[in-house]
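The values are calculated or read from the model by the stated rules, or taken from the named source; none is laboratory data. None of the values given here were measured: they were computed from a predicted structure. Here the Cβ positions follow ideal geometry from the backbone for every residue, glycine too, while neighbour counts run over all protein chains shown.
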């Protein structure tokens with residue numbers, strides 16, 4: 001269902017989406033393990049959907065450490081194609097919203113393809129709103145991870161790094177970001193302007209690099225960040241690193257970074273990275 005750019009957001013259904021995945025890259029065959037969708041109408045949450053999904057492949061250790069989703073939890077759950085009709089019932093005929101939504105859409109698009117469906121056609125070529133893009137124009141680049149941003153805007157989530165709770169957090173972030181520019185009465189056109197312009201379901205450049213937000217920003221800004229990492233004994237460790245680049249090595253994705261703990265350039269397996277976060281002000285160089 002096409003929407004007029006002059007319609008206000010309170011007159012347009014929104015579908016806020018978030019996915020959890022086996023790892024960081026669709027190019028390496030990573031899959032969706034959980035999907036969460038909430039429908040917003042009139043500025044209020046009206047419907048929601050969440051489902052664990054059998055990815056038919058191994059979940060990386062870092063993802064399990066961050067989300068708590070284990071291989072045993074997804075065993076016997078529906079594959080993506082089997083749950084797709086239920087997910088679409090909440091997503092269809094709505095503007096799609098997400099936090100760093102390009103990442104989520106890249107995984108959804110690959111899953112749609114595996115299900116022999118065209119995502120753009122199924123979602124009627126919907127407009128897309130990305131709360132990261134709005135936040136970057138408002139606050140600058142860096143430090144716009146969902147958990148950091150929501151607290152900056154005065155919302156404290158009870159659960160993080162699961163699909164539906166992160167969808168709920170994204171809803172509150174969007175609500176707060178809209179407040180100073182007209183709230184839910186803002187037109188779709190003006191909402192798209194807040195993020196720098198229109199955005200579609202698929203990027204114009206199909207080779208566009210898509211990474212988790214904190215990793216993308218760390219590489220882009222080349223500034224030190226705190227990394228939580230699983231060592232060879234599966235122990236969670238913390239260290240300050242200065243990211244340099246992502247490389248493929250022996251079939252794995254590696255983050256090349258200067259490690260302050262070792263005072264040397266080191267290679268870190270992406271699948272063992274639990275999370276990256278901005279350094280506290282008193283730890284900044």
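Structure notes:
- Out of 95, 120, 132, sole residue that is touching a strand residue (DSSP E or B) at 6+ places or on another chain (Cβ under 8 Å) and modelled with pLDDT of 95 or more: 95
- Exclusive hit being surrounded by fewer than 16 Cβ atoms within 10 Å (Cβ to Cβ) and at pLDDT below 95, set 125, 43: 125
- Qualifying positions in region 217-237 - out of contact with any strand residue (DSSP E or B) (no Cβ under 7 Å at 6 or more places or on another chain) and either in a strand (DSSP E or B) or within 20 Å of residue 134 (Cβ to Cβ) (or both): 217, 220, 221
- Residue that is farthest from the chain's Cα centre (by Cα), among those in region 248-279 that are more than 15 Å from residue 218 (Cβ to Cβ) and part of a strand (DSSP E or B): 264
- Any hit, region 194-216, residues being outside any strand (DSSP E or B), more than 25 Å from residue 105 (Cα to Cα) and not assigned by TED's automatic domain parsing to the domain that holds residue 122: no
- Some residue of region 207-218 being more than 30 Å from residue 91 (Cβ to Cβ) and either more than 19 Å from the chain's Cα centre (by Cα) or touching a residue at least 24 places away in the same chain (Cβ under 8 Å) (or both): yes
- Against the conditions (1) more than 19 Å from residue 276 (Cα to Cα); (2) at pLDDT 95 or above; (3) touching a helix residue (DSSP H, G or I) at 6+ places or on another chain (Cβ under 9 Å), residue 86 satisfies every one except (3).
- Number of positions in region 110-145 that are farther than 18 Å from residue 184 by Cβ, under 11 Å from the mean Cα position of the chain (by Cα) and not in a loop (DSSP other than H, G, I, E, B): 1
- Some residue of region 50-58 being crowded, with 21+ Cβ neighbours inside 10 Å and touching a helix residue (DSSP H, G or I) at 6+ places or on another chain (Cβ under 8 Å): yes
Here is a yes/no grid of residues against (1) in a helix (DSSP H, G or I); (2) touching a residue at least 40 places away in the same chain (Cβ under 8 Å); (3) more than 27 Å from residue 185 (Cβ to Cβ); (4) over 19 Å from the mean Cα position of the chain (by Cα):
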{"site": "51", "(1), (2), (3), (4)": "no, no, yes, no"}
{"site": "69", "(1), (2), (3), (4)": "no, yes, yes, no"}
{"site": "90", "(1), (2), (3), (4)": "yes, yes, no, no"}
{"site": "103", "(1), (2), (3), (4)": "yes, yes, yes, no"}
{"site": "108", "(1), (2), (3), (4)": "yes, yes, yes, no"}
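- Flag if residue 81 is assigned to a strand (DSSP E or B) and either in contact (Cβ under 8 Å) with a residue 12 or more places away in the chain or surrounded by 21 or more Cβ atoms within 10 Å (Cβ to Cβ) (or both): no
- Of all residues in region 212-239, those satisfying the criterion of being surrounded by 16 or more Cβ atoms within 10 Å (Cβ to Cβ) and touching a helix residue (DSSP H, G or I) at 6+ places or on another chain (Cβ under 7 Å) are 212, 213, 225, 229, 230.
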